[in-house]
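K.L.:
Please find one structure pasted underneath; my questions will follow.
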Amino acid sequence: MKKKVEIKNELLYLFLILLVSIYFAYTTHTPNPTYILSGVIGILLILTWSIRAFSLYSGRKISQYSEVIQRISIKERFFTNFVLPVIFYISLLFYIYYNTSFLMDMILIAISLLLLLILFINVKSSFKKVYSIEGQTRAVFDFICIASFYMILSVVIRLAFSIWLTVLLISIISLIFLWSDIKIHRKESLSSLIISLISSLFIAMTSCIFLNTNIFVVPAVGTLAFYLILSLWNIRFLGKLKLVEYLPPFIYSILALILILNI
C-alpha cells in the first residue's frame, strides 16, 4: 500500500506531461506556434519532478541513533537525474515535430511516458537505497539512451544533410550518449574518451552505409550499432572476460539486422 501512495505524485506529473505532449503533437499538425510553449512546459515539469525528488529523498540519516543527514551528491546524480530525462523528452518532441502521423505520435507518447514512469520510480528507489544506481536503475538509463538515440537519429536522417555532415552529427550524438553511459558507470578517463570516440565513428559509419535506403532503415541500423556497443560495454563493466559472454549481443544484432533489411 505504501508503494501505491508513493507513486501518486509521479502519476500526477506524468498526466500533466501527457496533456502538454498531446497538445504539442496536435499543434505541430496545425498552424499554431504555441507548440513551443507546450514543449517548454513539458521540460519544466520533468525538471520540477527531478528537483522535488532530489530535495525530498536524497538525504538519509547516517544511523537510527543520529539526527545527522547525509545527502547524496547532486554532482554525481546531475546528469542521470536531470540532464538525461530532459534529453529524452526533447528527443521525443523533435521526433513528433518531424513525424507526419498523429496516431504514431500518440503511440510514441504513450511508450515514452511509460519509460519516464519507470525512470521516476527507479530514481526514487535509488535515493532510498531500495537498489543502487549500479543495479536495475542502470538498465533503465541504458534503455532511455537507446530510445533517445533512435529518435534523434531519425530526425537527422529526415533532414537530409550531406553525407559528411550526417556522419559528423551522428558521431557527436553517439559520443554524447556513449559518454552518458560512461558517467552512469563512473568510468570517466582518457582511455574511456578515446574508446567512446572510436565507437562513435563506428556507429556513424555503420549508419551512413545505408544512407541510400529508406529513412526507416538508417536509424534502425544506427541504433542497432549503438545497442551493440552499449551491450559490450555493460558486459565489460560487469567484469566478465570470457569470449562466450560477449557472443549474445553479436548474435542478437545480426538477427535484428537481417530482420531490418528484409522489412
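K.L.:
Report the gain in length on full extension from Ile7 to Phe237: 0.36 nm times residue separation, minus Cα-Cα distance, nm rounded to one decimal. Write out the running numbers ahead of the final one.
P.N.:
Working: separation 230, 0.36 × 230 = 82.80 nm, distance 3.14 nm.
That pair, Ile7 and Phe237, stretches by 79.7 nm at full extension.
K.L.:
At a 10 angstrom cut-off on C-beta neighbours, averaged per residue, how do the peptides 98-107, 42-51, 10-19 rank from highest to lowest? Write down the numbers at each step before the final one.
P.N.:
Values: 98-107: 13.6, 42-51: 17.9, 10-19: 16.4.
So the peptides 98-107, 42-51, 10-19, ranked by packing, come out 42-51, 10-19, 98-107.
K.L.:
Pick from Pro85, Pro33, Pro249 the residue whose mean-square fluctuation is largest in a GNM of the chain, springs joining Cα atoms under 10 Å.
P.N.:
For the chain, modelled as a Gaussian network with Cα springs under 10 Å, the answer is Pro33.
K.L.:
Fully extended, how many nm does the chain gain between Ile251 and Asn32 (0.36 nm per residue separation, minus their Cα-Cα distance)? Please report the intermediate quantities before stating the final value.
P.N.:
Working: separation 219, 0.36 × 219 = 78.84 nm, distance 4.67 nm.
Difference between extended and current length: 74.2 nm.
K.L.:
Show that you can apply the helix-only estimate: for the chain, add -39,500 (n - 2.57) for every DSSP H stretch of four or more residues, divide by all residues, and state [θ] at 222 nm to the nearest 500.
P.N.:
Numbers: 11 runs with 195 residues, N = 263.
So the helix-based figure for the chain works out to -25000 deg cm²/dmol.
K.L.:
Then there's this: Using a 7 Å offset from the Cα along the Cα-to-Cβ direction at both Phe78 and Ile111, what is the distance between the two label points in nm, to one decimal?
P.N.:
Each label point is offset 7 Å from its Cα along the Cβ direction, giving 3.3 nm.
K.L.:
While we're here: Normalising by the residue count of segment 160-263, find the relative contact order in percent from Cα pairs under 8 Å and 6+ residues apart.
P.N.:
Values: 69 pairs, mean separation 25.8, N = 104.
Worked out over segment 160-263, it gives 25 percent.
K.L.:
Please report Rg over Rh for segment 160-263, where both radii come from the alpha carbon positions and Rh follows the Kirkwood definition.
P.N.:
Values: Rg = 14.4 Å, Rh = 14.5 Å.
Rg/Rh: 0.99.
K.L.:
Within segment 213-237, find all residues whose amide N lies under 19 Å from a label point positioned 7 Å from the Cα of Leu190 along Cα-to-beta-carbon.
P.N.:
none
All of the numbers you see were taken from the coordinates with simple rules; none came from a lab. Quick caveat, the model's predicted, so the values are computed rather than measured. We place every Cβ from the backbone using ideal geometry, glycine too, and count neighbours over all the protein chains shown.
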